[in-house]
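The values are calculated or read from the model by the stated rules, or taken from the named source; none is laboratory data. Everything numeric in this text was worked out from a predicted model, so none of it was measured. Cβ placement follows ideal geometry from the backbone for every residue including glycine, while neighbour counts extend to all protein chains displayed.
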Amino acid sequence: MNEITLDVKIAKTQIDRNIYGHFAEHLGRCIYEGIWVGEESSIPNVRGIRTDVVEALRKIKVPVLRWPGGCFADEYHWMDGIGPRAQRPTMINTHWGGVIENNHFGTHEFMDLCAQLECEPYICGNVGSGTVQEMSQWVEYITFDGKSPMTDLRKANGREEPWKLTYFGVGNENWGCGGRMTPEYYADLYRRYGLYARNYGNNKLFRIACGASNDDYHWTEVMMEKAGHDQLRGGPYMDGLAIHYYTSVKRLPDGSREGSATVFDEAGWMEIVSKGLFMDELVRKHSTIMDKYDPAKKVALIVDEWGTWFAVEPGTHPRFLYQQNTMRDAIVAATTLDIFNKHCDRVRMANIAQTINVLQAMILTDGARMLLTPSYHVFEMYAAHQGATMAPLDIQSEAYTFGEVSIPALSASASVDGAGTLNLTLSNANPHKDITVQVNVRGMNGSKAQGRVLQGNAMNAHNTFDNPNAVAPKPHTGVKLAGEGLEIVVPKMSVVAVAVQ
Ligand code: AHR
């Protein structure tokens, strides 16, 4: 019954590394405390950026980082975040708790962070409350190599050479916090703002349009029709179109969510795990609309915000979106990455929200202390798929049923890397039952297989600052070469990674 079949010879589509991308917003303790501690901090740092966090993120090979928001992006005025820090003006972060933003982490600091992480920057510009000129000048400040007022300013601020900037978002959630626009109105603004975000010298921008919330297919239809195909003169005007989808129990009128990240029963487990799988339908349906206008798949689908969203941890600021992270989040991470891998012909970037201390974070910090979440470990175990060639899978899985809801217990991805190693990742959503799966591998005679497993002792197993390694990958003994493939035990509520050579 539980059987996976793949043929490495028909693997042809590359999994874009950027599917394993991240997102860091000026929200709660993501940037400040999580990343930026300042040069005077007793927490070890390089030019103000936490060393422990950079080292941990480098291990999961962060390919791309989106910044400065989120809803913050459409309130952010980049010129406030350059120049001597002591002289930078402050602002109120109205969307995220009305706290004072001192602008100490700005363009130079973000580009330094990306350099330290060796990842690509993805900057989101301000359409909601910013001008065309402001956005245009930001791109000029960052990327122009010649002499201009903006490059003079950049040099005066200590940066002689332009930076390379590829990924540029023209607004965020402009249907909501980014301006409450209709898709027709935003599409026109996108065309206008996108035009003045220029390519300078060899720097070619990859322009990303704000996309739909969840299943708002009308938004995608309008954006593709007005800006996403090559019958437009000089079109398509975009390189990527975004969508956002959060997995949550229930959204409340103030935007917050119901349901604890750690206190839940099996109904809560099933609700979140099954809602996570809705990403597959979203990707398929948005892609179908894109296919109509762009059959050559020139325009990428960019899932630049995704992840679980729960009620904040008790006692924390309601607008700081600080939540714990359990094996339930790990299963959502694994199954969602499987969906992106499967659809890698159209999905070419995704950014889990958010890197540190916010929503489905990779890392939580408490002063100088830091812990890695189960979701972090999934990203580390899945990193082998980055840039590899996806091997399509036929998955026959038994069902996992709770109450009225039934889902396949197994989810998986497979890819072949440049060295010819077949990497398989599998997860088992059933919290009660281990599953043994026969994996039939065609087109390859593996002689060695090694596995690791991420498993907790409960659905809500998680890491704490006192016990930071309660959930961490371990060598997996339940992997053996068998027949024309492998036999793999996928323990209950676990994620397994296997490398076959
Ligand atoms: O990630 C938190 C918020 O969720 C982002 O700022 C916004 O774009 C989305 O609604």
Contacts under 9 angstrom Cβ, first residue in segment 86-102 being under 16 Å from Cys30 (Cβ atoms) and among the acidic types (Asp, Glu), partner in a loop (DSSP other than H, G, I, E, B) and within 15 Å of the ligand (Cβ to nearest atom), 6 or more apart = Glu101/His26; Glu101/Tyr76
note = From the option list Gly97, Gly69, Gly83, single residue qualifying as in a loop (DSSP other than H, G, I, E, B), out of contact with any Lys or Arg (no Cβ under 9 Å at 6 or more places or on another chain) and within 16 Å of the ligand (Cβ to nearest atom) is Gly69
query = Within segment 198-209, is even one residue at pLDDT 95 or above, more than 22 Å from Ile82 (Cα to Cα) and within 16 Å of the ligand (Cβ to nearest atom)?
reply = yes
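Quick test for you: out of Asp230, Asp145, Asp188, pick the one residue that is away from the ligand (no atom under 16 Å from the Cβ) and in a helix (DSSP H, G or I). Give the derivation first.
Numbers: Asp230 fails: in a helix (DSSP H, G or I); Asp145 fails: in a helix (DSSP H, G or I).
Criteria check complete, one pass: Asp188.
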request  = Could you grab me the full set of residues in segment 149-181 that are under 27 Å from Asp239 (Cα atoms), more than 16 Å from the ligand (Cβ to nearest atom) and part of a loop (DSSP other than H, G, I, E, B)?
outcome  = Glu161, Pro162, Trp163, Lys164, Leu165, Thr166
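Is segment 407-417 home to any residue that is in contact with a helix residue (DSSP H, G or I) (Cβ under 7 Å, 6 or more places away or on another chain), assigned to a loop (DSSP other than H, G, I, E, B), among the acidic types (Asp, Glu) and on the phi < 0 side of the Ramachandran plot? Even if it seems obvious, please write down each step before you answer.
So in segment 407-417, the residues in contact with a helix residue (DSSP H, G or I) (Cβ under 7 Å, 6 or more places away or on another chain) come out as 407, 411-413, 415-417.
Now narrow it down to the ones that are assigned to a loop (DSSP other than H, G, I, E, B): 417.
Narrowing further to those that are among the acidic types (Asp, Glu): 417.
Cutting the leftovers down to on the phi < 0 side of the Ramachandran plot gives us 417.
The answer is yes; a qualifying residue exists.
What about Asp304, is it acidic (Asp, Glu), at pLDDT 95 or above and within 16 Å of the ligand (Cβ to nearest atom)?
Here the answer is yes, as Asp304 does meet what is asked.
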query = With Val263, Val273, Val332, Val347 as the choices, which residue is hydrophobic (A, V, I, L, M, F, W, C) and over 25 Å from Thr401 (Cα atoms)?
reply = Val347
key: In segment 3-36, the residues that are away from the ligand (no atom under 14 Å from the Cβ), out of contact with any helix residue (DSSP H, G or I) (no Cβ under 8 Å at 6 or more places or on another chain) and in a loop (DSSP other than H, G, I, E, B)   = Ala11, Lys12, Asp16, Glu33
